[in-house]
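A.B. asks: One structure follows; several queries about it will come next.
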Amino acid sequence: MTIKKLLLGATAAMAVATGAMAQDDKTKVGFIYVGPIGDLGWSYQHDQGRLAVEEAFGDQVETVYVESVPEGPDAERVLTQMALQGADMIFTTSFGFMEATMNVAQKFPDVKFEHATGYQRADNVSTYSARFYEGRAVQGLIAGEMTESNIIGYIGSYPIPEVIRGINAAYIQAKKVNPEVEFRIVWAYTWFDPAKEAEAAKALIDAGADVILQHTDSTAPQAAAQEAGDVITFGQASDMLDYAPKPRVSSIIDNWNQYYVDRVGAVIDGTWESTDTWAGIDSGMVEIGEITEAVPAEVREAALELKDAIAAGEVHPFTGPLNKQDGSEWLAEGETADDGTLLGLNFYVEGIEGDIPQ
């Protein structure tokens with residue numbers, strides 16, 4: 001996509017999202033998405049948050065959005081365009097938008113920025129993310145109980161701590177319920193590319209995996225599993241119910257609605273401050289989608305019990321004894337990983353084979 005087309009797309013999307021020109025007293029809120037909102041995954045869920053803002057504030061706000069924005073220079077150009085067109089606040093909804101967010105925020109100090117899954121902040125830049133690893137633990141339990149081949153496939157996007165946390169959390173729980181389980185990991189090096197995601201899923205299935213987990217955004221792995229038959233999957237970021245009751249047997253749902261409403265409300269009433277938010281199942285930012293009848297009742301019950309225990313703070317997915325992949329001790333009996341360690345997690349736990357790409 002050329003930048004000319006990208007900026008023309010930005011204007012078109014803004015027109016679709018807003019209709020008539022906004023009144024001067026409206027708060028203008030922008031959103032940029034790394035994928036199409038029709039992905040039924042990550043970008044779709046962020047756009048549901050945008051719609052929740054419109055519903056909550058009505059004529060007080062004007063929302064604009066641009067979808068399928070590449071990470072890198074194009075993101076910076078789109079953000080600059082959005083700021084120049086009068087955005088009071090912009091949500092930048094992908095890890096790879098971090099540098100662009102910081103650069104544009106410095107040029108527009110009166111615009112409030114909210115960056116998803118990043119770690120760099122400024123006076124006008126907040127960061128926010130969800131504890132996806134909590135949902136991965138629940139998926140790991142179901143996967144470990146339901147695999148017959150004892151091979152679970154995992155499609156990673158990029159080897160960053162967020163994704164590595166999820167792999168580890170799923171493996172730890174799967175191993176607890178099924179000591180024979182193995183994880184096979186394929187890195188797609190994309191957040192959204194249906195062809196690459198389908199290729200990764202097929203490679204894992206060919207390697208014997210009868211369960212597929214994904215940290216990519218399209219439904220292509222679901223379709224590949226459906227075509228293969230006798231393979232189960234989990235929805236990523238949104239429910240992906242089109243593939244229920246099987247292969248999709250449950251899902252992690254990223255619910256940004258309340259966070260977006262709260263943060264826009266803070267801009268409207270003048271109380272917005274730069275903050276860092278990392279919320280999980282207990283807050284509702286991470287939800288577990290319907291566990292279908294394809295999952296045995298006793299497994300469904302155990303998964304829901306684990307979800308509730310995590311929400312109540314009774315269970316932490318990273319609780320020792322746990323060793324690092326090389327066998328060295330990481331967490332002693334009963335010890336839990338602190339947030340600082342988890343935010344920088346760059347290693348597999350013991351039992352996962354293969355290297356993390358550098």
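Read the figures in this text as sums done on the coordinates, not as results from a lab. Source: prediction; values computed, not measured. Using ideal geometry, Cβ is built from the backbone for each residue, glycine included, and neighbour counts are taken over all protein chains shown.
A.B. asks: Helix 297-311 against the longest principal axis of the chain: what's the angle in degrees, Cα atoms only, rounded to the nearest 10?
C.D. replies: Tilt of helix 297-311: around 50 degrees.
A.B. asks: Return the calculated 222 nm mean residue ellipticity for the chain, to the nearest 500 deg cm²/dmol, obtained by summing -39500 (n - 2.57) across DSSP H runs with n ≥ 4 and dividing by the residue count.
C.D. replies: On the way: 11 runs with 141 residues, N = 358.
So the calculated ellipticity at 222 nm is -12500 deg cm²/dmol.
A.B. asks: Ranked highest first by the average count of other Cβ atoms within 10 Å around their residues, in what order do 198-208, 243-253, 216-226 fall?
C.D. replies: Per-residue mean Cβ counts within 10 Å order the peptides as 216-226, 243-253, 198-208.
A.B. asks: Points 7 angstrom from Cα along the Cβ direction at ALA266 and LEU304: gap in nanometres?
C.D. replies: My value for the distance between the label points is 3.5 nm.
A.B. asks: In addition: Distance between Cα centroids, region 238-268 to region 99-173: provide it in whole Å.
C.D. replies: Using only Cα atoms, the two centres lie 14 Å from each other.
A.B. asks: Rounded to whole Å and sorted largest first, list the principal axis extents of the Cα atoms in the chain.
C.D. replies: 62, 43, 38 Å, listed from the longest principal axis down.
A.B. asks: From the backbone phi of region 91-102, what are the Karplus-calculated ³J(HN,Hα) couplings (6.51 cos²θ - 1.76 cosθ + 1.60, θ = phi - 60°) in whole Hz, Gly and Pro given as x?
C.D. replies: So the Karplus estimates, Gly and Pro as x, are 9, 10, 9, 8, 3, x, 8, 4, 4, 4, 4, 5 Hz.
A.B. asks: Then there is this: For helix 161-177, report the angle its Cα long axis makes with the longest principal axis of the Cα atoms of the chain; keep it between 0 and 90° and round to the nearest 10°.
C.D. replies: 30 degrees
A.B. asks: Sticking with this structure for a sec: Give the angle, between 0 and 90 degrees and rounded to the nearest 10, that separates the Cα long axis of helix 132-146 from the longest principal axis of the Cα atoms of the chain.
C.D. replies: 30 degrees
A.B. asks: Now a separate question. Lysine pairs, Cα distance under 27 Å, 8 or more residues apart or cross-chain: how many in the chain?
C.D. replies: Going through the chain pair by pair, I get 24.
A.B. asks: For labels at GLU287 and ASP230 in the simple 7 Å Cα→Cβ model, what's the distance in nm?
C.D. replies: The two pseudo-label positions are separated by 3.5 nm.
A.B. asks: Okay, next question. Of the listed peptides 307-320, 267-280, 143-156, what is their order by residue-averaged count of other C-beta atoms within 10 Å, with the highest listed first?
C.D. replies: Values: 307-320: 16.2, 267-280: 13.5, 143-156: 22.1.
In decreasing order of mean packing, 307-320, 267-280, 143-156 become 143-156, 307-320, 267-280.
A.B. asks: Moving to a separate point now. Looking only at region 164-188, which residues have a backbone nitrogen under 19 Å from a spot 7 Å from the Cα of TYR119 in the C-beta direction?
C.D. replies: 164-169
A.B. asks: MET285's amide H: which non-local residues (gap 5+, or another chain) put their own amide H closer than 5 Å, with H modeled 1.01 Å from N in plane and none for Pro or chain starts?
C.D. replies: Amide H neighbours of MET285, under 5 Å, 5+ apart: GLY280.
A.B. asks: Let me ask you something else. Counting only DSSP beta bridges with both residues in the chain, what percent are antiparallel, rounded to the nearest 5?
C.D. replies: Given both bridge residues lie in the chain, the antiparallel proportion sits at roughly 20 percent.
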